[in-house]
There are 2 protein chains.
Amino acid sequence: MPDAAAPASPSARTRVNRYRWLAHYDRQTIYAILDAMPVAHVGYVHDGNPIVTPTLQWREGDRVYWHGAAHGRMMKATHDAEVCLTVSILDGLVLARAAYNFNINHRSVMVFGRPEAVTDPAEKTRLLKRFVDGYVPGQWERLRPVTDQEIKATAILSLPLTEASAKLRAGPPEDGDEDYAFPVWAGVLPIRLAVGAPEPDPRNLPDVEMPASLTAFSIG
Amino acid sequence: MPDAAAPASPSARTRVNRYRWLAHYDRQTIYAILDAMPVAHVGYVHDGNPIVTPTLQWREGDRVYWHGAAHGRMMKATHDAEVCLTVSILDGLVLARAAYNFNINHRSVMVFGRPEAVTDPAEKTRLLKRFVDGYVPGQWERLRPVTDQEIKATAILSLPLTEASAKLRAGPPEDGDEDYAFPVWAGVLPIRLAVGAPEPDPRNLPDVEMPASLTAFSIG
Ligand SMILES: Cc1cc2nc3c(=O)[nH]c(=O)nc-3n(C[C@H](O)[C@H](O)[C@H](O)COP(=O)(O)OP(=O)(O)OC[C@H]3O[C@@H](n4cnc5c(N)ncnc54)[C@H](O)[C@@H]3O)c2cc1C
Ligand SMILES: Cc1cc2nc3c(=O)[nH]c(=O)nc-3n(C[C@H](O)[C@H](O)[C@H](O)COP(=O)(O)OP(=O)(O)OC[C@H]3O[C@@H](n4cnc5c(N)ncnc54)[C@H](O)[C@@H]3O)c2cc1C
Ligand code: HEM
Ligand code: HEM
């Protein structure tokens, strides 16, 4: 695993052209965005056409992982084919003085590469435990134990983070110098993901206890 | 424009296979998801490889629109080439009794097709006004007026909603019958987008007034 603090440089594919001053290529920035937002959009080519599938990702070291049906289209089509996995976090609507300068505060990552399948059942089980415990620490051991058949039905793919870029925008609008004299309100409307109170399943047994860590859950 | 209430049937490409009981193909369901969530992920093929770009979409009638740099890669590469535009909304983490039955409450849409460019400057201006006013009603007229050069630098693409599918999950976990006797807490952790208090630009003129509708802004 590379030094997470080391600045990285872009490949031809990951060099940001538009608003390039928002670009970051270092592992620390990329890791932080992936860790904050499990929802990814995985793009792949199927019969010559692009498909974008929303999927949950999780990171371990310098790789990103996702899971799905072993016999599903997404998992079969993305195995050993080029993919682009994109994670984006919406942080706010930026209202400028000119419509042209409206913007979005955001953090986003694109990862390119050819996914590899995890095939060893013990390693698959370890990774799925990590996936579940990443949401609710310690939950895996409390659950009805996983079966061999369930592990078999589950495919796990992973990508190294060797070809990845991040883009981040924060702060107030940026208008042209002459437009700051224009008499219109400008500013930012902050947006974030909020977690509500846990809703117990009506079919819960009377004496089960809610995992305490659920109330600490945060996302984004 | 087709009757929004009419049930639609899937094409070969949009027929949902996995968890197919979550599928919807009617316009009303698809419109509601697109209208709730402007963030889309557009997938396209560039030099044979997939790219997924986060972009804002807006809907008018039976089409979805997005904008960007006239000379940018995304806008050039998606013009008259196959794309998949995906919108997804995260509604909750579903904690089941078995790890295998963990799930995500969500609403999502995939749209397939070949985008068309809007080229007429008057129509582009009308659509950009609709885009801005969709966030803050009436704001376009308050802003520093748009210039011809700005309209020229802006590309707008659109896709018809003729080949689209939606997938929705809501409600408590679904475990196997025998697992309801397993003594572990199950339930849903609801997640939603929250809008914070508007943050005025420190460079605002002293007497500008915040648009009243900003406090009514909601998303997701
Ligand atoms: C929530 C959100 C909404 C957005 N809305 C819009 C919109 O409405 N219109 C618009 O034009 N753009 C929007 N963007 C920015 C958009 O994602 C692209 O960055 C931009 O369109 C330029 O695309 P391009 O392919 O022309 O970029 P290029 O700069 O040519 O892309 C080259 C490389 O830069 C990297 N890169 C580009 N974009 C990103 C990114 N977002 N995150 C990480 N790496 C990246 C990739 O490695 C890519 O291969 C939005 C971004 C976010 C996160
Ligand atoms: C926030 C979120 C997180 C998710 N996390 C995961 C995950 O971690 N693992 C996982 O396997 N799946 C996940 N899904 C579901 C995922 O998006 C796919 O539906 C699923 O993986 C099946 O993909 P497939 O290509 O095999 O489906 P198929 O059913 O074979 O796809 C056929 C057609 O169905 C339609 N379709 C499929 N999925 C969707 C969708 N989500 N929205 C609208 N139309 C759709 C499309 O038209 C597609 O062309 C998640 C969905 C959301 C919204
Ligand atoms: C945090 C934990 C987990 C979450 C949030 C989660 C979420 C999801 C989601 C959203 C889907 C897609 C359902 C759909 O197509 O609509 C899915 C599919 C699937 N998950 Fe998970 N999952 C989790 C853990 C697991 C574990 C531990 C296993 C295996 C033991 C597993 C096995 C599967 C399989 C096999 C599918 C494909 C089902 C099918 O298409 O038939 N999941 N999961
Ligand atoms: C609600 C209003 C709007 C929002 C939220 C918005 C948001 C965005 C975002 C997020 C980007 C990408 C910036 C980046 O690459 O990091 C962008 C690019 C762009 N927008 Fe907008 N926009 C809005 C309205 C407009 C309008 C009205 C115009 C034209 C008059 C416009 C013209 C452009 C152009 C030309 C680009 C490409 C800039 C470049 O890459 O050089 N936008 N917009």
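The values are calculated or read from the model by the stated rules, or taken from the named source; none is laboratory data. Note that the structure is predicted; figures quoted are calculated from it, not measured. Reconstructed Cβ throughout: ideal geometry from the backbone, glycine too, with neighbour counts over all protein chains shown. Protein only, heavy atoms only, side chains kept; ligands, DNA and RNA dropped before computing areas. Shrake-Rupley method; radii C 1.70, N 1.55, O 1.52, S 1.80 Å.
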Rounded to the nearest 0.05, FRET efficiency between A:Glu174 and A:Gln149 (Cβ-Cβ, R0 51 Å) equals 0.35
To the nearest 0.05, the calculated FRET efficiency linking A:His46 and A:Ser11 through their beta-carbon distance, R0 being 35 Å, is 0.90
Heavy-atom accessible area of chain A with neighbours in place, 1.4 angstrom probe: carbon+sulfur share in percent works out to 53 percent
Looking only at lysines whose Cα falls under 24 Å of B:Lys152's and that sit 8 or more positions away or on another chain, we get B:Lys76, B:Lys124, B:Lys129
On protein heavy atoms with a 1.4 Å probe, the accessible surface that disappears when B meets A, both sides summed and given to 100 Å², is 7300 Å²
Residues from the range A:108-150 losing no less than 20 square angstrom of accessible surface in the full protein assembly compared with the chain alone, 1.4 angstrom probe, ligands and nucleic acids excluded, are A:Met110, A:Phe112, A:Val132, A:Tyr135, A:Val136, A:Gln139, A:Arg142, A:Leu143, A:Arg144, A:Glu150
Rounded to the nearest whole number, the per residue volume of the convex hull around the C-alpha atoms of the range A:20-189 in Å³ is 141 Å³
Rounded to whole Å², per residue accessible area for the range B:125-209 with a 1.4 Å probe reads 50 Å²
Computed over the range B:132-178, the Cα gyration tensor eigenvalues, each multiplied by 5 and square-rooted, give semi-axes in Å (largest first) of 44, 18, 9
P(r) over all Cα-Cα pairs of the protein assembly as shown, 10 Å bins from 0 to the longest distance, whole percent per bin, short to long, reads 4, 20, 30, 27, 14, 4, 1
homo-copy label distances at B:Phe217 (7 angstrom along Cα-Cβ), nm, one dp, ascending, are 2.7
Inter-copy distances for A:Tyr180, label 7 Å out on the Cα-Cβ vector, sorted ascending, nm, one decimal, are 6.5
Row for the range A:61-125, column shape: gyration tensor on C-alpha, a ≥ b ≥ c, rounded if a/c < 1.5 i.e. under 1.5, prolate if a/b over b/c, else oblate; value prolate
Placing each pseudo-label 7 Å from Cα in the direction of the beta carbon, A:Glu60 and B:Asp35 end up separated by a distance in nanometres of 4.4 nm
Inter-part gap, Cα centre of the range A:145-220 to Cα centre of the range A:1-80, in whole angstrom, is 16 Å
Listed by chain and number, the residues whose amide H is under 5 Å from that of B:Ala40, excluding neighbours fewer than 5 places away on the same chain and using placed H, are B:Thr55, B:Leu56, B:Gln57
Comparing A:Pro121, A:Pro206, A:Pro38 in a Gaussian network model of chain A (Cα, 10 Å), the one with the largest mean-square fluctuation is A:Pro206
Reported to the nearest 10 Å², A:Asp80 has, with a 1.4 Å probe, an accessible area equal to 90 Å²
Copies of A:Pro137 compared via label points 7 Å along Cα→Cβ give distances in nm, shortest first, of 4.7
Longest principal axis of chain B (C-alpha) makes with the long axis of helix B:27-36 (C-alpha) an angle, in degrees to the nearest 10, of 70 degrees
Each residue of B:178-186 has, on average, a number of other protein chain C-beta atoms within 10 Å of its C-beta equal to 6
Ignoring ligands, DNA and RNA, the residues of the range B:9-47 whose accessible area with a 1.4 Å probe is reduced by 40 Å² or more relative to the chain alone are B:Arg13, B:Arg18, B:His41, B:Val45
Output field shielding_mean for A:82-93 (other chain Cβ, 10 Å radius) holds 5
To the nearest 10 degrees, the tilt of helix A:121-135 (Cα long axis) against the first principal axis of the alpha carbons of chain A is 50 degrees
With label points set 7 Å from each Cα along the Cα-to-Cβ direction at B:Leu205 and B:Ala181, the distance between them in nm comes to 7.5 nm
